[in-house]
Every structure is written in structure tokens, then in C-alpha cells.
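Some notes on the structure that comes next.
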Amino acid sequence: MTTNRRKFIKGMAASSVAAATLPNIAFAGGSSNNYSDNILIFVFLRGGIDGLSLLTPMDGHPDRGHYEALRSRGTMIPSNQLLSVGGGFGLHPAAGPMQELYQQNDLAIVRACGLPSYEVNRSHFEAERYAELGTPGNRFTQTGWLTRHLATATNYPPTIPLPAVVTESNVTFSFLKEPTAVSLRYPYAFDFDTTENGNFNSDQEQALANIYSAGNNELDSAGEQALAAMDIVDQVDFDAPPSNGASYPTRADNPSRLTTFGGKLQIMAQLIKQETGVRVGQADRGGWDTHNNQRNLIIGEGFYDKVRDISEAFKAFFTDLDVLAPGGGTWADRTTMLVCSEFGRRAFDNADAGTDHGWATNTLVIGGGVNGGRQYGQWPGLAPDDLFQSADLRGTVDYRSVWTEILLKRLHNNQIHQIFPGFSESEYKPLGVVSGSALEPDFNNDPGLIYKDSFE
Amino acid sequence: MNITKPNVTGIKCMTNKNHLTRRNFLRNSALTGAAGASALTLGLSNKAQADSIAPQYSGLKTLKPPPVTEASTVTAPPLAALVYNKAAFGPRPGDIDAFNALGGNDTARLTNWVNQQLNPTTADTEVDTRMSAYLGSGSEYDTINKTAAQLWTDHVRYSGANEYSTKSRPRWQMERLVILKGTYSQWQLRELLADFWFNHFNVKGNRDVVRSMLPHYDGEIRNHIFGNFYDMLLANSKTASMLYYLDNYRNTWPHPNENYAREVLELHTLGATENYYGAVDPGSLGNNIKGQRTGYTEIDVFQFARALTGWSYADGAGGSADTGEFLFRSDKHYNNHASEPINVLDISIAVDGGENDVTDILTYLAEHYGTARFIAWKLCTRLVGDNPPESLVASTADEFYNRRNDADQLKEVYRHILLSTEFKTTWGAKVKRPLENIISAMRATDIDIDFRNDHSPSDSIFGRLSDTGQKPFNNDTPTGYPDEKALWSGSGPLVTSWRTITYFLNQSANTFDGSLRYFNLAEQSNTLIPDVANRTPTVLVDTWMMHLRGYAYDAITRANLITYVAIKSGAAATQSIHDMTDTNNLSNSSTYQRVVYTLIGLIMMSPDAIRR
């Protein structure tokens, strides 16, 4: 292990205080290292989260009666256990930290969000691709929506140490074919594993870098990048404690260890605070495919635990990031988190106290620039005639509207025709979920440089 | 209130023209790859950090933008190496020579090799030998040959001391067996295909029932690898593991659970990619070229779920035996309670049917041309490369379809692909995934290890493999591990593969618990290059490239390897290393030992060892 290199950075970069008190030279005269760029953290809840159990009509809401009738077989949440967020709705009982974020105006809820009505799809694996590739209806798109964002953004400096990080073993569909995306699941496993001394290790790395840099196809580039990323990751202090006493969720069976998702967000926060330059990141949280025994109200491996996990992790992440960043403001101010899932569940529960695949669900937007403490999106209703195919919560917000608004206002990228090809001006319905001056979106439907349709 | 619950016929349909037209369009509409060279300027670099307050992250160099096209600059290796890297886990020393001895020209050699691999004998000599010591009661492979009922009784139903480990032991043994067989099996194609089909019918290894039944589940797949697809599908549908994992054991009338029905259509047979039409009226669909309804809809999912009610296993409930074996529970089956027929695509199941309600539908699905296309596409993607040519997919699908009633249907489908021009001429359209990289390196170096559970050298390698994101039998979702090159050629899979390789090579010269046999690469090097004067960096590199890979890498890679050995040994490129350091010092920590195994590491971590 080459911990020697890791040590030199400890105590210097690790602390955000150190970073914040260093002379602010990065922005003098508009330096190319534009550290005022906002950051997007994309969280994908894989499996299709039951939106009706995350945000639920309470007593007094006109749909409460419909809800109770639909959820009569084991997934109904009593009104008095819900955490009110106004408008007749309450968050899941385990979502306390989420309610706090909401009350601090740091969290917005977009209701009934999903794939467009003409591409409703109840297959996980199709719907995930439709969402993350940014092309509803086409699962063969060769690049992800964040790949195309990075390729068309004009506000980033020419080089960034780690512009795109995925805290998964593999790159996600959102970053498909993104050459700079680093997939970093276990920091401790992101290095050669030898006991070498006498520079065998570093010379071997250098030789491998020479070999990969001599080639010129995708794998060669990927290998070069992996070696460079190895060196950068090696310099990050992953033992740095969270700021502000932020408390990431821990495992029920082993309180000394973070949950998988809590650990991912802590890594992301460390990378951000130690100025590796993350502009876009992704962290996944799976386990939402609750066909049976959903356990909305029971502690132990069910929906309840998962909601608590993500709630605590979101809260900890933004508490951790609430420290001054170079260039002014805090990291939390400039970091926006977008929380999505491929679809919601059937409005009615099944006989196994679970829920099957449906259409719309909630999207959450948290953190910097969020017009929080509010709910967005037309509520489609739960009366029999309101449901899609008599079965699903109807989608009233095309997910691309929310993501586009974030691109325009937070990430300063207006190349919507490249990122969401086929998404038309008439379909774009900004909700005001985030603040910031919006660029004029470019919906120009010419084939463009990036998204090319070989069929036409 | 009149809410439609599971009465699925009540679901209203939406006719969707976009959806229908899209299907044709999809076939040819692969969108072009990533941003062109000019569009991309982000990179990993330390070059622009001078004015940053950030730590001086020292990336090795600025990343070049990726080329727009892949593979154009990659030279394919000789056919023997190509075959062993694409249709096997990589060559072991001797494999290339053996392949080349199979005939007078490449065509004959490939034909003969494929024929051998498609007809494995019952013996798997080295695997059998290495396992033999560990099959006894209480040993590391003692669950592998148990029947379903034995696994059920001994593991699923076990309660008492060490409950978790007793229930999990079959899984742990199977995980290790994947490595053992991948590394040592002479039936390499079968191992590759076993991995393919397991992931096609994926179950998650750590789930209850599955963790204990895994030897049986995998065995049911392996029984049909070279057989008939319908037989494989049917056998799979009767396993407790699948019925548990996808909830069909809970699929009972009047409470259908659609999970398994959906995945049979979406993942096991027709596939969602070309044949799922979503929430449309099934009556709006046309027919395919074989006169079958062209695909499935949400209605078909619900209808099929009904047909599958009662398709279960014996777990003691309802007066059944408690064996974990397949059981059709006719009292829980739809037709014994209802008067409406079930319609799934073109099949209409009459009222009062029994087990044949399900087998009729499975037969139909197995013989559907859409299934032929889907399986053909997946196999071509696995064996040839991503985005396989439509002509090959179509001809493979025809082979699959035309042989649908043959007992050796799948064997002939594989043969069709492996003898195709596309297989022989496509190189670099895939990368080895971490499991394949690691096994490939273990094969090339001829590691000597009886890989098994509760054995620290095995466990150390296995633990690192687990960090790669491709631990065997561990994909969460029923899709199995993805196969797309773009998902596996990123930094995570590469770095975690490399670190496992550097780890076991680093350990190779250590007898670190006495049960890993001494694996002395410096000694092997000297056997390969007996003349001390000949142990030059150049000869060392050339000899090891041929020994490990069966061919020489390109000139630039070769030059880089020679330079590395020269730097580390202190010898000039054509000077004997022995002039600088004792090449007969075979100890763990001798300079020569380190030079040898770090060179081997470089050869096995190079891009040409990662390509398929």
C-alpha cells in the first residue's frame, strides 16, 4: 500500500477549515479553476420507490379515504404517524431528518414525477435506462445524460482532478461512456495491493501508464484515466471526520460501521470538501422493489429502515458540507442533490403486503439553490378515475422538466437538445424547484454533435 | 368504491402509436458514441493546478479524449489467443500450442476446438483432482453434490448452532467453485456459458433459500447448457431458488404475484428490448415473421401471472412434504377457481387446466421467434462483441428457432456463433470483467492453489475479488451482471482487477500458510531461460509474453516492458540481469523475484490482456 503518499496530504487538505482559510487565489481575476461551479449529486433509488409511502395523504386530505382503501392489505400508514409537511401530506414516519430539511427550506418534493405518459414502462431495466440515458423510449442510447452534460458544459475549467465520481463499482448509465467518470466504491481498494518497497510499485504504475498511454482506443484511455484517478484518490484522506458533527447512518447490526449508502455519501462529501473538483456525482441506493412484505412500519430491513437510512444520510451529507468553500459560500450552498427512482409502485397494495410496479413517484431536490419547504407538481388524485389504467399514480411531471431546470439554473448548461434529445419546448414545464438565473434553453432539434441518430 | 385490485382484466389499455412505431426504429438506431474528440476537454491532470488553493492532486497526465471509434487501431492476436480470450477465461501455458496442434489451418483448428468444447466428457481432470480432497463430510466442498432435498433438509431447514454459516455454506462453496473451475477446467467454454446462463436466470446468492440451494440451482442450469432451451427454462422454473427469489411461491389464486411472470417474459424468454410493448392493447399488435404475435404487453404479464398461480415448491405448507422440490399446488391454481380462460400472447388456456397451463405457455415462449432473437442477441453480445451485426443475430436466431425441437439445440447455436466470421475477426469489442481478468491471470501464471472456502490464501484472493463488483452469484437484480463493455472498462473495474492481480503475484513467492503450494515465478523464469547469460530484459519480456499470452504484444508495449525490466534490474536491454543481481536467488524478496513477478503483473494488466 502506498500510504506514504496519502500521508502528505493529511492534516492539510483534509480539513475544510484549512482550505477555507487559505488565501483565495483561485478566483482572482477569474481563474480558470472555477471553484464557484455548482455541484450536482444524483441519487438513484433503484427498484422503484413506493412514493405513496414516502409522501402520504393525511386525515383531512380528500384522498385519504381512497388511500386507505387502496392500501388495505398491509402497507397503510396511519395518519397520526405521518410527519406533516403541509398541504394535507405527511412524510413517512422514518423520514424525520427529511422533514427537518423540508422545514429548513432545504428540501423540495416534486410529486407525481416520472417518465412521460407516452413512454410509461414498468420494467426496471428499461425504465432505469430511459431515465439515466435521458432518452425515454430508447434504451440503446450510447451515452448518459450526465455524460452529455459534461460534454456540452462550457463553464468548466479545462482540467479538473475528479470532475465526475460514481460511488459504485461500475459507472452508471447516467455516465455511460463518460471518459472522466471515476467509479469509486471502496477507497481502500483503489490501489495496487502489494507490499513492495524500493519503488517497484511506483515504477510498475509508471510502466503501466506508459503502456496505456501509447494506445489510442477507449480501453487505453480508460486505463490511463484509472491510473491517474488512482493517484488522486490516493491523496484523499478518507479518514477525515465529518464536519459539524454530521452523523451518517450506521448499521443496525454493527453501529460502528456506516450503512452502505451513508458510507457512499460520506465519501462523496470527503471528495467535495477536499477539493478534488467533483462537479457531478452519483450514488445509488437499491432495495426499493418491495413486491412483498414491504414493512412500512416495522423496523428491520424493510421500507422503514431504508427511508430512515436515506433520510439520515441526506441530512448528514448537507450538515457535513455546511462549511465554507473557497470562493465564498459553503459547499452545501453550491451542492444540489437530485433524488430519483425509475418508477413508483401500483397505487393499491397486493395480497403480500407489498406493492407492484407502477408509474409516477416523488422526486426530491435537496440543498443548494433549492426552493425548499414546498411541494411541486399537480397531485393527480387517488380516486378510481384518477389512476392511470385504474392502477398507478398518474404522472403529471415529466422528469426531464425537473432535471432541465437544474441544468439551466444550477449547472449553467442550456444544451437541452443534446442532453434530452427529442424533449421539446412545449414539454418543458419548469416548476421553480430551484433558484438561480436560468439560461435560455436550447431545444434546437438539429441532430447536434453528440446525439446523433444513425437511423435518420 | 370500485377500485380494481388484482382483477387484471379491468385494467384499461392505452393504445400508443409512438410505442409501436418505435420498435422498428429501435433496431437500427444505436446512437453514436460519446462526445467527439473535439467536444471534450475535461481531464484528469495536475497541469492546471498552479493557481488552485486545492491540494496538488497529482494525476499522472492529462487524459486524452477518447477516440470516437473503438477497435480500429487494435490488432487482433493469432486465432488461438483470440479464441482462448473470448470463448474461455484466457490461456494457460500450453493451451495455445495444443490449439495449434488441432489442425493444419485456423479453420480446422477452430472447428476441432469448438467440437471438443461442445462435447465435454464427464471427467474434468484437474478440477476433479483438486476437489477430491474436500468432498467429504464437513469438508470445504461437502455440499456441492447434494440433492435438492438434502440441501433443503441440511441447510434451508437447519436450525441450531452456527445457523447462519450452515445455511450459507453451500453458497460460499459455490462461490469458490466458480474460481476453481474457471481456473482449472479443461471445459472452458462450458464454464463461460455456465456464467452466462446463471446470469441470464439470475438469483441473488445471499438470499434465504437461494444461499442454501445454490448447488442444485446451478446444477439445473448446467444440465441443459448444451441441450434444449425449453428444457432449461422448465427446469429453472421448477427450482426453489428461482421460485423464492422472484416470489412465485407466493403466487396463489386469488392473490397473484406478478414478479416471476414479468421477468420470465422480460428477461428469460422474449426480452423487453424488442418485444415488450408496455401498456397497450394486445389486440393492437401484429405478428412476427413466423406468424406469432409480435410481443407482449402488460396484459400478458398479468395473464401469465394467473397461469403461474400454484407453481411452487414443497415447503410443508398445505400438507405438502417439506423437501424444497417442485410442487404444483392445484388448489392454489387459477383455473380451479375461475371460468375465464387465460390468454398469453397467442396461447389460450382453457378452464380447468393443470400443470400444462404453465408448460404450454413456457413451450410457446421457448419457441417464439422473439425469444430466438433475444437469446441470439445476448449470446452474440457475450461471445462476439457489443452491438453484434444484425446479420449474425438474425442467422443465430434462425438456428435457435429452427432447432427448437432438437435435444442439442443450444450446442448448435453456440457452434453457429463460434464458427462465424464475426467471431474470428472481432477483437477488442469486449473487455474482460473483473472475474474474468482475475481468473485469466491465475490461469496464465498457472497458479497452484486448491481454491476453496475456509482457506486463507483462497479467501484473501476472494475477498479482493468481492471488492471488484463482480463477486459470483451476487448481482442484486434478476438481470444478472451486465455485459456491456462500457460498464466494465472504467476505473473501478480496472483498478480492482489490477489490485487483485498485483496482490496474488506479490504473494506468489510466499508460502503464506503452508497450503498454497510454492509458486515460485523466478524459478519458473529460470526454467524457461536456463542459460544465465540469456536472462536479459529483452529475453525475459519476450519469453514471458509468449508463455503467458501465446503471442507478442505490439512493439510499443514490448519496449515499455523491456524498459521497465531494465530499470528495475539495472541491466541494459540485452545485458544479462545476472550481471547486476543474482538470478539464482529465488527467495521471496530477491530483486530478481520482484522483477519477474512485477513484469508478469504488467503483462497481465496490459490492455491486450484485458481485451476480448
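The values are calculated or read from the model by the stated rules, or taken from the named source; none is laboratory data. A quick note: this is a predicted structure, and the numbers were derived from the prediction, not measured. Every residue, glycine among them, receives a Cβ derived from its backbone with ideal geometry; neighbour counts consider all protein chains shown. Heavy atoms of the whole protein, side chains included, go into the accessibility calculation; ligands, DNA and RNA do not. Shrake-Rupley method; radii C 1.70, N 1.55, O 1.52, S 1.80 Å.
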- [ ] Name the one entry in A:Thr154, A:Thr141 that is in a loop (DSSP other than H, G, I, E, B), open to solvent by 20 Å² or more (accessible area, probe 1.4 Å) and among the hydroxyl-bearing types (Ser, Thr, Tyr).
- [x] A:Thr154
Open item on the list: Considering only the range A:38-53, I want to know if a residue exists there that is within 10 Å of chain B (Cβ to nearest Cβ), out of contact with any Gly (no Cβ under 7 Å at 6 or more places or on another chain) and modelled with pLDDT of 95 or more.
Closed with: no
- [ ] Output the residues belonging to the range B:517-549 that are open to solvent by less than 30 Å² (accessible area, probe 1.4 Å) and part of a helix (DSSP H, G or I).
- [x] B:Leu521, B:Ala522, B:Ser525, B:Asn526, B:Pro537, B:Thr538, B:Leu540, B:Val541, B:Trp544, B:Met545, B:Leu548, B:Arg549
Task: Residues of the range B:569-593 satisfying the condition of being among the aliphatic types (A, V, I, L, M) and touching a residue at least 60 places away in the same chain (Cβ under 8 Å) - done: B:Leu586
- [ ] For B:Ser489, indicate whether it is surrounded by 24 or more Cβ atoms within 10 Å (Cβ to Cβ) and at pLDDT below 95.
- [x] yes
- [ ] Quick one: which residue in B:Asp459, B:Asp476, B:Asp448 is at pLDDT below 95, farther than 30 Å from B:Cys380 by Cα and part of a loop (DSSP other than H, G, I, E, B)?
- [x] B:Asp448
TODO: Tally the residues that are open to solvent by 10 Å² or more (accessible area, probe 1.4 Å) and part of a helix (DSSP H, G or I), restricting the search to the range B:342-365.
DONE: 5
Open item on the list: Checking the structure you have, find out if any residue of the range B:80-102 is more than 20 Å from B:Ala240 (Cα to Cα), open to solvent by 70 Å² or more (accessible area, probe 1.4 Å) and β-branched (Val, Ile, Thr).
Closed with: no
Task: Any chance A:Ala108 is closer than 21 Å to A:Arg285 by Cβ, small (Gly, Ala, Ser) and assigned to a helix (DSSP H, G or I) - done: no
Open item on the list: Give me the residue from the range B:230-248 that is within 13 Å of chain A (Cβ to nearest Cβ), open to solvent by 10 Å² or more (accessible area, probe 1.4 Å) and at pLDDT 95 or above and, out of that set, nearest to A:Asp289 (Cα to Cα).
Closed with: B:Tyr245
TODO: Taking the residues in the range A:80-94 that are outside any strand (DSSP E or B) and in contact (Cβ under 8 Å) with a residue 24 or more places away in the chain as candidates, determine which candidate is most open to solvent (accessible area, probe 1.4 Å).
DONE: A:Gln81
Task: Hits in the range A:114-138 (condition: surrounded by 23 or more Cβ atoms within 10 Å (Cβ to Cβ) and among the small types (Gly, Ala, Ser)) - done: A:Gly114, A:Ser123, A:Ala127, A:Ala131, A:Gly134
Open item on the list: Given the criteria in contact with a helix residue (DSSP H, G or I) (Cβ under 6 Å, 6 or more places away or on another chain), open to solvent by less than 30 Å² (accessible area, probe 1.4 Å) and assigned to a strand (DSSP E or B), does B:Gly324 qualify?
Closed with: yes
Open item on the list: Quick check on my filter: what residues within the range A:48-62 are among the aliphatic types (A, V, I, L, M), part of a loop (DSSP other than H, G, I, E, B) and under 15 Å from A:Glu342 (Cα atoms)?
Closed with: A:Ile49
Open item on the list: Restricting to the range B:254-287, give me the number of residues that are more than 10 Å from chain A (Cβ to nearest Cβ) and open to solvent by 30 Å² or more (accessible area, probe 1.4 Å).
Closed with: 6
Open item on the list: Is it the case, given these coordinates, that A:Arg111 is in contact (Cβ under 8 Å) with a residue 12 or more places away in the chain, surrounded by fewer than 24 Cβ atoms within 10 Å (Cβ to Cβ), at the interface with chain B (Cβ under 7 Å from one of its Cβ atoms) and touching a helix residue (DSSP H, G or I) at 6+ places or on another chain (Cβ under 8 Å)?
Closed with: no
Open item on the list: Name the residue that is nearest to B:Asn336 (Cα to Cα), counting only residues in the range B:222-277 that are hydrophobic (A, V, I, L, M, F, W, C) and touching a Pro at 6+ places or on another chain (Cβ under 7 Å).
Closed with: B:Leu246
TODO: Quick one: B:Tyr553 ticks every box in (1) farther than 23 Å from B:Phe99 by Cα; (2) of a type in the set (Ser, Thr, Tyr); (3) within 9 Å of chain A (Cβ to nearest Cβ) except a single one, so which number is it?
DONE: (1)
Open item on the list: I'd like to know if the range A:279-289 contains one or more residues that are touching a Pro at 6+ places or on another chain (Cβ under 6 Å) and within 12 Å of chain B (Cβ to nearest Cβ).
Closed with: yes
TODO: Restricting attention to the range A:50-79, report how many residues are under 19 Å from A:Ser311 (Cβ atoms), polar (S, T, N, Q) and surrounded by fewer than 23 Cβ atoms within 10 Å (Cβ to Cβ).
DONE: 0
Open item on the list: I'd like the full set of residues that are buried (at least 21 other Cβ atoms within 10 Å of the Cβ) and in a strand (DSSP E or B), limited to the range B:327-341.
Closed with: B:Leu327
Task: Pair list, Cβ under 7 Å, 6 or more apart: the range A:95-107 residue among the charged types (D, E, K, R), other residue open to solvent by 20 Å² or more (accessible area, probe 1.4 Å) and assigned to a loop (DSSP other than H, G, I, E, B) - done: none
Open item on the list: Quick check on A:Asn170: is it under 17 Å from B:Trp498 (Cα atoms) and facing another protein chain (nearest Cβ under 7 Å)?
Closed with: yes
Task: Qualifying residues in the range B:459-486 (those that are small (Gly, Ala, Ser) and farther than 27 Å from A:Ser123 by Cα) - the one surrounded by the fewest Cβ atoms within 10 Å (Cβ to Cβ) - done: B:Gly463
TODO: Within the range B:550-574, work out how many residues are open to solvent by 30 Å² or more (accessible area, probe 1.4 Å) and small (Gly, Ala, Ser).
DONE: 6
- [ ] Report the residue count in the range B:183-206 for those that are closer than 13 Å to B:Arg130 by Cα and in contact with a Phe, Trp or Tyr (Cβ under 8 Å, 6 or more places away or on another chain).
- [x] 1
Task: Search result, residues across the range A:158-173 that are open to solvent by less than 10 Å² (accessible area, probe 1.4 Å), assigned to a loop (DSSP other than H, G, I, E, B) and within 15 Å of A:Tyr186 (Cβ to Cβ) - done: A:Thr167
